[in-house]
Amino acid sequence: MAFALRSRAPVKSQTVKSAKSACKARRPIVCRAVLNLEPSKHNPEPAKRDVSVKAAGADGEALPLPEQPEQPQRVLTPSLLDAIVDNTVMVPYNAYNRALQAHPLTTKACTSMMGFILGDLIAQHFGHPHASIDIMRAARLGAYGLLIDGPIGSKWYDVLEAHVFPKDPISTKAVLAKTALDQVVYATIMTAVYFAVIRCLEGHPELVLTTLQSKFLPTLAANYMIWPLAHVINFRFVPSEYRILYNNAVCVAWLTGLSFLTHSKINFMQLLHVPHF
């Protein structure tokens, strides 16, 4: 019995060694972490923990790690700039064109309303900087633009296009004729209409005649300071569907410039052919 036990011991040891050798042969690729915590000669301070990962194969040789892709940097490329322009300019422009095609008269009337309101708010702010904004005054001007100036102005431009040199609408003679008719006929009539409508909206129709006597000629003279040249540009370069928009843009731009230059020294609304009461 003792002889049998002694003979089995070497067999067991040999079996374990064989199993270990087999495991080493079949061992897959592993990652070894190398920690460098000891100070170096060039760096007397204790080194920080430096963990480097190396890939090793079955033969123990290090394998190169895959390179990490660089993160793309965001720069203002032409395509990005085009997208910004499209979102800030072209989207509103296309929306306005769709509205013009679907509801031309309503769109022009609303355009005129917004132009009158914005122009009056600028005039109030710079003309009387220490006074509170008169919301009702701006509302009356907006109503005039919506109900009177926008619709009538749109039809007036249609009449000019249809009857004043329709075959050559942007020639010099056509542009000058349209400008003259606009300033002599339309501006004269609409200045009187403006005073009458605004006084009625204020609840003072009895003041219409008095207002016309005192403000009609000064307002018409102020109108001739800017609108003849503005309408030469209008009839020569601006398509008919955008003329109401152009007129309101000229009003607001002119008013804003005068406001910054002169503040409360000028009656802004008269200069804009929008009388101020």
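The values are calculated or read from the model by the stated rules, or taken from the named source; none is laboratory data. Since the structure is predicted, the reported quantities are computational estimates derived from the model, not experimental observations. Note that each Cβ is placed from the backbone with ideal geometry, even for glycine, and that neighbours are counted across all protein chains shown.
Are any of the residues in segment 58-66 under 30 Å from the mean Cα position of the chain (by Cα), aliphatic (A, V, I, L, M), at pLDDT below 75 and over 21 Å from Phe195 (Cβ atoms)? Even if it seems obvious, please write down each step before you answer.
Our first condition is that a residue be under 30 Å from the mean Cα position of the chain (by Cα); within segment 58-66, this holds for none.
No - not one qualifying residue is present in segment 58-66.
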Just to be sure, is Phe195 buried (at least 19 other Cβ atoms within 10 Å of the Cβ), more than 34 Å from the chain's Cα centre (by Cα) and either within 21 Å of Val232 (Cα to Cα) or touching a residue at least 60 places away in the same chain (Cβ under 8 Å) (or both)? yes
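Would you be able to say whether some residue in segment 225-241 is more than 21 Å from Ser171 (Cα to Cα) and modelled with pLDDT under 95? Show your work before the answer.
In the first step, residues of segment 225-241 are kept if they are more than 21 Å from Ser171 (Cα to Cα); the result is 225-226.
Remaining after also requiring modelled with pLDDT under 95: 225-226.
Looking for residues that are more than 21 Å from Ser171 (Cα to Cα) and modelled with pLDDT under 95, one finds at least one in segment 225-241, hence yes.
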Which condition number in (1) among the hydroxyl-bearing types (Ser, Thr, Tyr); (2) farther than 24 Å from Ala221 by Cα; (3) modelled with pLDDT of 95 or more is the one that Tyr186 fails? (2)
Filter segment 97-133 for residues that are in contact (Cβ under 8 Å) with a residue 60 or more places away in the chain and not in a helix (DSSP H, G or I); which is nearest to Gly153 (Cα to Cα)? His128
All positions within segment 212-256 that are in contact with a His (Cβ under 9 Å, 6 or more places away or on another chain) and β-branched (Val, Ile, Thr): Thr219, Ile226
So, first residue free of Cβ contacts under 8 Å to residues at least 40 places away in the same chain and more than 10 Å from Thr111 (Cβ to Cβ) in segment 139-160, second residue of a type in the set (Ser, Thr, Tyr) and part of a helix (DSSP H, G or I), Cβ within less than 7 Å, six or more apart or across chains; the pairs are Trp156/Tyr186
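Could you say which residue among Lys155, Lys173 is at pLDDT 95 or above, under 23 Å from Ile117 (Cβ atoms), exposed (fewer than 14 other Cβ atoms within 10 Å of the Cβ) and not acidic (Asp, Glu)? Lay out the reasoning, then the answer.
Numbers: Lys173 fails: under 23 Å from Ile117 (Cβ atoms).
Just one listed residue meets the conditions, Lys155.
How many residues, within segment 200-233, are in contact (Cβ under 8 Å) with a residue 24 or more places away in the chain and assigned to a helix (DSSP H, G or I)? Reasoning before the result, please.
Keep residues of segment 200-233 that are in contact (Cβ under 8 Å) with a residue 24 or more places away in the chain, which gives 201-202, 211, 215-216, 218-220, 222-228, 231-232.
Right, trim to assigned to a helix (DSSP H, G or I) and you get 201, 211, 215-216, 218-220, 222-228, 231-232.
So the answer is 16.
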Considering every residue within segment 140-158, establish whether at least one is within 21 Å of Thr256 (Cα to Cα), hydrophobic (A, V, I, L, M, F, W, C) and under 31 Å from the mean Cα position of the chain (by Cα). yes
Residues being in contact (Cβ under 8 Å) with a residue 24 or more places away in the chain and outside any helix (DSSP H, G or I) - total across segment 170-192: 1
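Looking at segment 215-242, which of the residues that are of a type in the set (Val, Ile, Thr) and surrounded by 15 or more Cβ atoms within 10 Å (Cβ to Cβ) is farthest from the chain's Cα centre (by Cα)? Walk me through it before giving the result.
Looking only at segment 215-242, we keep the residues that are of a type in the set (Val, Ile, Thr), and these are 219, 226, 232-233, 238.
Going one step further and asking which of them are surrounded by 15 or more Cβ atoms within 10 Å (Cβ to Cβ), we end up with 219, 226, 232, 238.
Working: Thr219: 35, Ile226: 29, Val232: 29, Val238: 22 Å.
Taking the candidates together, the pick is Thr219.
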Qualifying positions in segment 87-134 - charged (D, E, K, R) and over 16 Å from Leu147 (Cβ atoms): Arg98, Asp134
Only one of these is crowded, with 18+ Cβ neighbours inside 10 Å and closer than 23 Å to Thr191 by Cβ: Ala139, Ala123, Ala143. Name it. Ala123
